[in-house]
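Below is one structure; the comments refer to it alone.
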């Protein structure tokens, strides 16, 4: 299933909303870890540790604290509509290991991974503070690493290695092996970029 996330955000959003509208909202809430208010026809979901609301069936997205960007407008309805409900598997996959991932890894590295290294590679204290603000839990990888629930049932691992006089700073983002049962690689690509961006924005 193509989710049309490249180049045309409006088309991708409309497709995501169409999928959302065909689903059972109570089942979607159960599978995704969101809550659903039938009276208000409204999902409430925690995304990068902030609250977002998604109306049903029209897919309008709001947040009491955050600006909703065009990528968020695709990620959230796709996640609600396609969530499998499977628990995390505790096995990490690099973006290269996702279905079709090698075709887009260069862009993912450019847009998600490299900016993390540039922002936090010589400022690990800021990374620790922001990762913990996002509800992250430390893991033993990189000079500093955290598991962050980008969405209720999609944990991402984020690691940063500090730069020095000989080697530049590096970073990585990895996905739980269950992630492809929730979102296509196209949308996981967006999710990784958005997590990277939100970490950097909150450190500003």
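With respect to the chain, whose longest principal axis is taken over its alpha-carbon atoms, helix 9-21 is tilted by about 50°.
Take the Cα radius of gyration of the stretch 9-82 and divide it by 2.2 N^0.38 Å, with N its residue count; two decimals is plenty.
On the way: Rg = 11.0 Å, N = 74, 2.2 N^0.38 = 11.3 Å.
Scaled against compact globular proteins, the figure is 0.97.
Seen against the Cα atoms of the chain and their longest principal axis, helix 70-82 is set at about 60 degrees. If R0 is 41 Å, the Cβ-Cβ spacing of residue 27 and residue 165 corresponds to a FRET efficiency of close to 0.15.
I need the per residue convex hull volume for the chain, using only the alpha carbons, in cubic angstrom as a whole number. Each step should come with its number before you reach the end.
Working: hull volume 23.0 nm³, N = 204.
Value for the chain: 113 Å³ per residue.
Please work out whether the stretch 88-144 counts as rounded, prolate or oblate from its C-alpha gyration tensor, where a ≥ b ≥ c are the square roots of the eigenvalues and a/c under 1.5 means rounded, while otherwise a/b larger than b/c means prolate and anything else oblate? In terms of gyration-tensor shape, oblate.
By its C-alpha gyration tensor, with a ≥ b ≥ c as the square roots of the eigenvalues, how is the stretch 82-184 shaped: rounded for a/c under 1.5, else prolate for a/b larger than b/c, else oblate? The shape class here is oblate.
The angle between the Cα long axis of helix 185-202 and the main principal axis of the chain comes to about 60°, on a 0 to 90 degree scale. By the beta-carbon count within 10 Å of each Cβ, the least crowded to most crowded order of 130, 173, 75, fewest first, is 130, 173, 75. Here the gap between residue 63 and residue 10, fully extended at 0.36 nm per residue and compared with their Cα-Cα distance, gives a gain of 17.1 nm. Our summary gives the stretch 9-82 a relative contact order of 36 percent, counting only alpha carbon pairs under 8 angstrom and 6 or more residues apart.
Bear in mind these aren't lab numbers, they're just calculated from the coordinates by the rules spelled out. Bear in mind the structure is a predicted one, so any value in this text is a computation, not a measurement. So basically every Cβ, Gly included, is an ideal-geometry build from the backbone, and we count neighbours across all protein chains shown.
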